[in-house]
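Visitor: Have a look at this one before I ask anything.
The values are calculated or read from the model by the stated rules, or taken from the named source; none is laboratory data. As the structure is a prediction and not an experimental result, all values here were calculated from the model. Cβ: placed from backbone, ideal geometry, glycine included. Neighbour counts: every protein chain shown.
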Amino acid sequence: SQMKEQYRPQIHFSPMQHWINDPNGMVYYNGIYHLFFQYNPYSSVWGPMHWGQATSKDLIHWKQQPIAIYPDSLGTIFSGSAVVDKNNTAGFGKKGQQPLVAIFTQHDTVGEKAGRNNFQNQSIAYSLNEGKTWTKYTGNPVVKNPGLRDFRDPKVMWYQPQKKWIMALSAKDNITFYSSPDLKNWTRESDFGQARGAHGGGWECPDLFMLDDNNTQRWVLVVNLNPGGPNGGSGTQYFIGNFDGKTFTSSQKETKWLDYGPDNYAGVTWSNTGKRKIFLGWMSNWIYANQVPTTIWRNAMTIPRALKLKHNGDDIFLVSQPVAELSLIKSNTVVANSVIISKKMDLTKKTGVVKFPCSINLSMDQIKDFSIKLLNNAGEELVIGYEKKGNQYFIDRTKSGKTDFEKGFSARHFAPRFAVGSKMNISLVIDVSSVELFADDGLTVMTEIFFPNKPYNKIYLLSDENIVIKKLEYTSLKSIW
């Protein structure tokens, strides 16, 4: 069938055909998770951006819907967010309706080609039928460009203490905050980013939200940047701090990465999910997103992730783990306790035939070098592991299959281990062309895509020194298509 082509993710959202990038307009309403996304309906490479659309009742099974928002005379439809206007502050609802309101960047290609600086502006649209169709506001744009070539990706939230909307917006390599009583009239409040965090590229796709930390409310600002990520190209950093309705402040000095792999970008959270914060990223990297070896469709989303704050040593981290709903597609689980690895163990000895997609969970009480190798009969391999010497996790795709479409794709990527103490756990979510590594309860995360010429059909566990895996769990996962 159409959703079974080579490399087609089986447990991640990808469009039936054509190009996607950033997730957009993510909002939860009346039992439905809405996912909009940057979409080129004409081609499998980046082009004139529309908002594509998909819906889900469980964050795992997705149904692609008709295109939601089309370009117009103000420009193509770049990234943005969506909210439930519960109090009808914008006045779009009739007779007590709660409208959905989308806030997005319009990119005026004509203005850009003419050499102007103000070709990105923010517009809104509303839906009175739960996201099925959208009507653009006649007064667009609602936030006009002050003369910055990069001025985009509005992420909007309701700030209850002052009963106003707050917009986080990318402005070159900073974030500018705006406020509004009605989603139509916006006032600039403050800027954040000067001499903070990583500035190897432009700042994009911000997200500001509150998380509970043992009954202390903390604010988190997620900032995507490209290039300048921890393993080259696109990356996602975050800041933990405070927000008072006007200014975001943070005492954080060091750069913190939400994901160390090369293939999680432009991620933001769903709105209207209450205290639960669910993050989704685009599973690719701008270095090679247009060149990856798929033709009918190109690129996919990560597994949705639950975000929490976690104390570790003297520090606080934003940790991510796959949403609990992933258990809906578990088929059979094999559990083995006290597994001794000396040199090499073929996992099929414990589990029977290995099928992808799958998830693997490991826990151990001592820290030693080890690796998990996915292999096929063509001699290709993807290696995931831990190196004690550098106290770091790694994913190595140098021999993973097709790598020659871009010179930097074939690489070994690293992520520091932050957990203290000798207990270690690793959770892997493995699809036919991607792996997501969640180590130490989500303190270290890596996302990586790969393209073997033949599907991987074996998994080895390797260690140079004898190592005891306290608990090993292998679960095959059912296709969402």
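Visitor: Where in the range 320-398 are there strands (runs of 3 or more DSSP E), lying wholly inside it, with at least 3 residues that are hydroxyl-bearing (Ser, Thr, Tyr)?
Guide: 330-346
Visitor: Those residues that are among the polar types (S, T, N, Q) and either in contact with a helix residue (DSSP H, G or I) (Cβ under 8 Å, 6 or more places away or on another chain) or more than 18 Å from residue 285 (Cα to Cα) (or both), I need them from the range 189-248; list them, please.
Guide: 190, 194, 214, 215, 216, 217, 242, 247
Visitor: Let me ask another. Looking at 421, 408, which is the one that is under 23 Å from the mean Cα position of the chain (by Cα), at pLDDT below 95 and not assigned by TED's automatic domain parsing to the domain that holds residue 64?
Guide: Going through 421, 408 in turn, just one is under 23 Å from the mean Cα position of the chain (by Cα), at pLDDT below 95 and not assigned by TED's automatic domain parsing to the domain that holds residue 64: 408.
Visitor: Given the conditions (1) surrounded by fewer than 15 Cβ atoms within 10 Å (Cβ to Cβ); (2) touching a strand residue (DSSP E or B) at 6+ places or on another chain (Cβ under 7 Å); (3) not in a strand (DSSP E or B), and given that residue 197 satisfies all but one, which numbered condition is not satisfied?
Guide: The single condition residue 197 does not satisfy is (1).
Visitor: Can you tell me how many residues within the range 262-285 are within 17 Å of residue 317 (Cα to Cα) and either among the acidic types (Asp, Glu) or assigned to a loop (DSSP other than H, G, I, E, B) (or both)?
Guide: 2
Visitor: Further question on the same structure: Specify the residue that is nearest to residue 225 (Cα to Cα); the eligible residues are those in the range 30-55 that are surrounded by fewer than 20 Cβ atoms within 10 Å (Cβ to Cβ) and not small (Gly, Ala, Ser).
Guide: Checking each candidate, the answer is 46.
Visitor: Another question about this same structure. Considering only residues that are among the aliphatic types (A, V, I, L, M) and farther than 25 Å from residue 441 by Cα, which ones fall in the range 346-365?
Guide: The one that is among the aliphatic types (A, V, I, L, M) and farther than 25 Å from residue 441 by Cα: 353.
Visitor: It is to be established whether one or more residues within the range 358-376 are out of contact with any strand residue (DSSP E or B) (no Cβ under 8 Å at 6 or more places or on another chain) and either under 24 Å from residue 281 (Cβ atoms) or touching a residue at least 60 places away in the same chain (Cβ under 8 Å) (or both).
Guide: No, the range 358-376 contains no residue that is out of contact with any strand residue (DSSP E or B) (no Cβ under 8 Å at 6 or more places or on another chain) and either under 24 Å from residue 281 (Cβ atoms) or touching a residue at least 60 places away in the same chain (Cβ under 8 Å) (or both).
Visitor: Exactly one of (1) crowded, with 19+ Cβ neighbours inside 10 Å; (2) of a type in the set (A, V, I, L, M); (3) out of contact with any Ser or Thr (no Cβ under 7 Å at 6 or more places or on another chain) is unmet by residue 210. Its number?
Guide: (1)
Visitor: Modelled with pLDDT under 95 and of a type outside the set (Asp, Glu): which single residue out of 168, 195 fits that description?
Guide: It is 195.
Visitor: Restricting attention to the range 125-159, and to residues there that are over 18 Å from residue 272 (Cα atoms) and either hydrophobic (A, V, I, L, M, F, W, C) or outside the structural domain of residue 34 (by TED's automatic domain parsing) (or both), which single residue is surrounded by the fewest Cβ atoms within 10 Å (Cβ to Cβ)?
Guide: Once the filter is applied, the top-ranked residue is 148.
Visitor: Of the residues 22, 85, which single one is surrounded by 15 or more Cβ atoms within 10 Å (Cβ to Cβ) and either small (Gly, Ala, Ser) or farther than 19 Å from residue 301 by Cβ (or both)?
Guide: Residue meeting the stated conditions: 85.
Visitor: Additional query: Which one of 448, 473, 465 is touching a Gly at 6+ places or on another chain (Cβ under 6 Å) and part of a strand (DSSP E or B)?
Guide: 448
Visitor: Let me ask something else. Those residues that are aromatic (Phe, Trp, Tyr) and within 21 Å of residue 76 (Cβ to Cβ), I need them from the range 1-50; list them, please.
Guide: 19, 36, 37, 39, 42, 46 - these are the residues of the range 1-50 that are aromatic (Phe, Trp, Tyr) and within 21 Å of residue 76 (Cβ to Cβ).
Visitor: Within the range 165-183, can you find the residues that are surrounded by fewer than 18 Cβ atoms within 10 Å (Cβ to Cβ) and at negative phi?
Guide: 181, 182
Visitor: So, one more: With the checklist (1) under 25 Å from residue 309 (Cβ atoms); (2) in a loop (DSSP other than H, G, I, E, B) in hand, flag the one item residue 211 doesn't pass.
Guide: (2)
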